[in-house]
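For reference, the structure discussed in these notes is given below.
The values are calculated or read from the model by the stated rules, or taken from the named source; none is laboratory data. Because the structure is predicted, anything quoted here is derived from the model rather than measured. All Cβ positions, glycine included, derive from the backbone under ideal geometry; neighbour counts span all protein chains shown. These accessible areas exclude ligands, DNA and RNA; they are computed on the full protein's heavy atoms, side chains included. Shrake-Rupley method; radii C 1.70, N 1.55, O 1.52, S 1.80 Å.
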Amino acid sequence: MGNVNFVFCGCIEQASVGVVEKWGRFDRLAEPGLNFWNPLAGECLTGTLSTRINSLDVKIETKTKDNVFVQLLCSIQYRVIRQNADDAFYELQNPTEQIQAYVFDVVRAHVPKMNLDELFEQKDEVAKAVLEELEKVMGAYGYNIEHILMVDIIPDASVRRAMNEINAAQRMQLASVYKGEADKILQVKKAEAEAEAKYLGGVGVARQRQAITDGLRENILNFSHKVEGTSAKEVMDLIMITQYFDTIKDLGNSSKNTTVFIPHGPGHVRDIGDQIRNGLMEAASAKVTE
């Protein structure tokens, strides 16, 4: 750790602890700063340990309950307990290998009891089990386990592809349901709009016919008052003939219509007038009945 050793004293760095032996046997721990020992009495600084937090990444490959091979990446943060630094210095030759061995043992004891989905959902439970086991074991050797993180769970590549396909299929199914609901709403709104349009169209036609009827009645009354000796029937026949010829004229001037065969002659005009009068009389009688 870059300690400076002299004959009778030495400097221990911050976040470190020194191990002092006397005649080859552990005597005491040296705190950070300037420390003195007596080489003539057999005292010497044997080594130092860092009390900083160390991180160890462990990759474990195991199998779940539903026979899926997965790789788990664990990150273990641990440090030397200052008061028990002598145990950490003398008891373990390679603490990282010891930690890895216990992580492998605990993970491979818990993961085979879970399905793949349960492993993703309960990865914190696996990390907690590893933490409890390591704290119990490594504490006796002067090490404290600060945190254990289950960083990643990596299933086999073919399993990942299958999971992605299942997820995509579920999302496509959900999208189809939403699209069907949207189409249903669109059709309902379209039908409601068509019904409303037809209703308003009928109201418009009825008002149009009412306006035509009122106009004809007014024309007949005005003509009868201004021309003496004319009856309402004669005035009606005259208006019908005028309207009839106006209609034929409009049909002839239109460039988009095809050939139209219609009956023509005074008798047919009279028939049309009779039909209109009968319709007006039926409408008037129906209104009186109501």
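Miscellaneous remarks
- Pick from segment 37-74, criterion free of Cβ contacts under 8 Å to residues at least 24 places away in the same chain and in a loop (DSSP other than H, G, I, E, B), ranking: least open to solvent (accessible area, probe 1.4 Å): 42
- Selection of segment 17-30 for residues being of a type outside the set (Phe, Trp, Tyr), within 16 Å of residue 142 (Cβ to Cβ) and surrounded by fewer than 17 Cβ atoms within 10 Å (Cβ to Cβ) yields only 28.
- Single unsatisfied condition, residue 175 versus (1) assigned to a helix (DSSP H, G or I); (2) closer than 26 Å to residue 29 by Cα: (2)
- For residue 103: the one exception among (1) crowded, with 16+ Cβ neighbours inside 10 Å; (2) modelled with pLDDT under 85: (2)
- A count restricted to segment 206-216 and to residues that are open to solvent by less than 80 Å² (accessible area, probe 1.4 Å) and at pLDDT below 75 stands at 4.
- Check on residue 90, in contact (Cβ under 8 Å) with a residue 60 or more places away in the chain and open to solvent by 70 Å² or more (accessible area, probe 1.4 Å): yes
- Here residue 14 clears all of (1) part of a strand (DSSP E or B); (2) open to solvent by 40 Å² or more (accessible area, probe 1.4 Å) except the condition numbered (1).
Residue-by-condition table, conditions (1) of a type in the set (Val, Ile, Thr); (2) open to solvent by less than 70 Å² (accessible area, probe 1.4 Å); (3) at pLDDT below 70; (4) in a helix (DSSP H, G or I):
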| position | (1), (2), (3), (4) |
| --- | --- |
| 180 | no, yes, no, yes |
| 198 | no, no, no, yes |
| 202 | no, yes, no, yes |
| 224 | no, yes, yes, yes |
| 258 | yes, no, yes, no |
